[in-house]
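The values are calculated or read from the model by the stated rules, or taken from the named source; none is laboratory data. Only a predicted model underlies this, so the values are computations on that prediction, with no experimental measurement involved. Here the Cβ is made from the backbone with ideal geometry for all residues, glycine too, and neighbour counts use every protein chain on show.
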Amino acid sequence: SWSLGMVYGPFALFILTPLVHIVLQRSCCGELVGALDVACAVTSFQGLCWVLGFARLSPDKRGFAASFAMLVAFLPHNVVYAVLTMMGMVCAGRVSDAIGAVSFAPLLLLSLWCGMERVIAIPCIGPFLVRSLMHPLRNDRAARWRPAVSRAGSGGPTASCDLGCGRASWSSDQS
């Protein structure tokens, strides 16, 4: 499953932000400004290609592409930007966009081209990677939990209040 927010994050980070860096950010990197502006433009172009490719995907393939974009491109790109900012780099935005142009944005495009079927075929890590991307925040204990039915009838506590009644012990609960 995916949400529009999972698409807006990469859209904002890989299209809007590099364009803002080119147009509005003051010149801060000396003679490297031209090269960094080209890298920002390349990042924006790659992000635009990803959005257009995402729009052409069938609905059953969009969940994988959106999860891949968030967990493999959007979050690491933000970590790089945060680290560069904490190090005191003046042009952290443009430099992180340049790093993204050669690392994270190509991964976005690769996720569209490969799809889930080809990622699963990667030896050893493929199935694990797809399971991780398709259920990134899944809590197995919550997925197996079933509300207990109150034995007290209408006079006793409701099923939503009687959490301990009829609870089975699972192997993952024993720590």
Inset, instruction - Could you grab me the full set of residues in region 85-128 that are in contact with a helix residue (DSSP H, G or I) (Cβ under 9 Å, 6 or more places away or on another chain) and either outside the structural domain of Val20 (by TED's automatic domain parsing) or on the phi > 0 side of the Ramachandran plot (or both)? - result: Gly115
Inset, instruction - Taking Phe128 as the residue in question, decide whether it is under 15 Å from the mean Cα position of the chain (by Cα) and hydrophobic (A, V, I, L, M, F, W, C). - result: no
Legend entry - Any hit, region 12-33, residues being loosely packed, with under 13 Cβ neighbours inside 10 Å and under 29 Å from Arg131 (Cα atoms): no
Inset, instruction - Collect the residues in region 74-84 that are exposed (fewer than 14 other Cβ atoms within 10 Å of the Cβ) and among the β-branched types (Val, Ile, Thr), keeping them in residue-number order. - result: Val79, Val83
Inset, instruction - Output the residues belonging to region 39-50 that are surrounded by 19 or more Cβ atoms within 10 Å (Cβ to Cβ), within 15 Å of Leu112 (Cβ to Cβ) and not small (Gly, Ala, Ser). - result: Gln46, Trp50
Legend entry - Residues located in region 52-73, provided they are surrounded by fewer than 20 Cβ atoms within 10 Å (Cβ to Cβ) and in a helix (DSSP H, G or I): Leu52, Gly53, Ala55, Arg56, Pro59, Asp60, Lys61, Arg62, Gly63, Met70, Leu71, Val72
Legend entry - Listing of helices (runs of 4 or more DSSP H) fully contained in region 85-175 that carry 3 or more residues being modelled with pLDDT of 60 or more and surrounded by 16 or more Cβ atoms within 10 Å (Cβ to Cβ): 92-102, 104-120, 126-134
